[in-house]
């Protein structure tokens, strides 16, 4: 039984006892008062009548008329005149009438009034003894009516006390409800804080729980900061802050093998010509400043594109990876200009030819081998270097495969596929270290142009046309149907555009409320970089869905983990660590240390950790040793 119910029972019992006791005491007092008044009346009336009879002639007719007149003028039950010899001279009686008083009440509250007794004299001799007893029915009636009024006021006062008690109890227990909510949130791994209540006993508990939540938050911030430091040490070039070669190639390799990656992209490499000569003639500080300036220009160019990354492949080569780019000349033009502007600012006397900066760019498509992409780009870079100076060489071996359409055509194409339910979910298993199925990943496929297309084919246009909320709602509906048919847990991706849409969230909540049996088997994940960029909307999304028992997580986690400072109170269930952090884990001690620390931190928060992009079954043992709970990728079947 809840504490509030116990308090209510206590209040009701105290109220009933107090008011019931008051009713009993008042009834007994009224009964005692009526008895006393009847006793006094009986004695007074008997004395007055006896005195009157003593002064009158004692013939029977006169005496009887006087007694009858007294009896008829008052409310008496009996008036009896008894002679000295015991014979009744005169007697008048009347039966009590209790029509409106219950018999049980008469038995329960019996009024015991003593009759009045007086002596009638005839000169110096006693003529008779007078006994007079008043009617008690009127006393019963008055007592019954007064008790009924008391009961009415009792009910009114009890109702008023209930209303006031409800208000006071609500005010008193409001901090308690907040405390219960905080305890439930901590049980769900959401370490929230609440204001301290005025109640001293509750204030101590809330203060302790707030301290726990704050310690967890500080631990998360410190660990995230330490993880970010470790990531920079193991993955970034110390001079430029860009990815070092191994990590950059890991990201490129993950893009090439990702079954749901964008339809290709672009790779650009810029080489600072004769870097060793610049070190000798201009000094190391000049060369380092040039490289840092080039890196800053690259970061500025890719800053608005969260999926684009940059790296330093060796001492003189800087690279940019841009998933989703399909038309090479237009993309490369702005980058080339920005890099050339930096080179111009680092020459003296306006002689821009003093710094050679050959640039090459190439397109790639999913499924290509990493060496093939690098060879084509290196070949183009060699051609640019042979041309000398600021030459730019573009390799457009990969051509744009999408048909050219305008916005209205894309809107019509995507909307028609959704309206006609021409969509399906591919399934890829996620298994734990023992091979047991945790859930299946279910990326979307739409039937467009007569073929089943992945999201990368239409997603850029869907985002531009604000259709992702509608698409994700259809994905959730299909996932719930898949759960209903198979009984398996299903994970779906939710776009950042969808979590920013109030309409999508309302539709999602309605779908989950209508499917209470399937909701606990639905896993929904948002890209980490999008959650970091839209923290307020992501928080609203998580807190709204948590009561519905579905699983919430982050995919492609790791690179932006430090940006999620409020992760401690979101109640997330799992993380899927980005494949680029896990490639060649055996041979990369830095990534291994980072992954191990990330797993330890996630487990401390109660999160499951899943490895993405596992391409060899042999990696399962290694990943389990590092701390991963489950794996997915081409090598997991």
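Points to keep in mind about this one:
- Segment residue 391-residue 637, extension gain: residue separation times 0.36 nm, minus the distance between their alpha carbons: 83.9 nm
- Structure-based [θ]222 nm, the chain - -39500 (n - 2.57) summed over DSSP H runs of at least 4, per residue, nearest 500: -17500 deg cm²/dmol
- Stretchable slack from residue 64 to residue 207, in nm (0.36 nm times residue separation minus alpha-carbon distance): 42.4 nm
- Virtual spin-label span in nm between residue 149 and residue 87, 7 Å along Cα→Cβ: 5.0 nm
- Distance (nanometres) between label positions extended 7 Å along Cα→Cβ at residue 214 and residue 424: 5.6 nm
- On Cα atoms only, tilt of 284-302 relative to the major axis of the chain in degrees: 50 degrees
- Using 0.36 nm per residue and subtracting the Cα-Cα separation, the extra length available between residue 103 and residue 32 on full extension is 23.6 nm.
- With the simple model of a label 7 Å out from the Cα in the direction of the Cβ, residue 543 to residue 451 spans 4.6 nm.
- Percent RCO, i.e. relative contact order, over the chain, from Cα pairs under 8 Å lying at least 6 residues apart: 10 percent
- By the beta-carbon count within 10 Å of each Cβ, the least crowded to most crowded order of 574, 138, fewest first, is 138, 574.
- Residue order for 603, 556, fewest other beta carbons within 10 angstrom first, comes to 603, 556.
- Crossing angle, helix 245-257 versus the chain [Cα axis fit, 0-90 degrees, rounded to tens]: 70 degrees
- Using the Cβ-Cβ distance between residue 245 and residue 625 with R0 = 25 Å, the FRET efficiency computed as 1/(1 + (r/R0)^6) comes to roughly 0.45.
- For residue 502 and residue 596, the FRET efficiency from 1/(1 + (r/R0)^6), where r spans their Cβ atoms and R0 equals 41 Å, is about 0.55.
- Order of 580, 501 - criterion: other Cβ atoms within 10 Å of each residue's Cβ, fewest first: 501, 580
- Efficiency of FRET between residue 163 and residue 51 - r from beta-carbon atoms, R0 60 angstrom, step 0.05: 0.50
FYI, it's all coordinate maths here, none of it is from the lab. Treat the numbers as computed from the prediction; the structure is a model and nothing was measured. Heads up, the Cβs are rebuilt from the backbone with ideal geometry, glycines too, and the neighbour counts pull from every protein chain shown.
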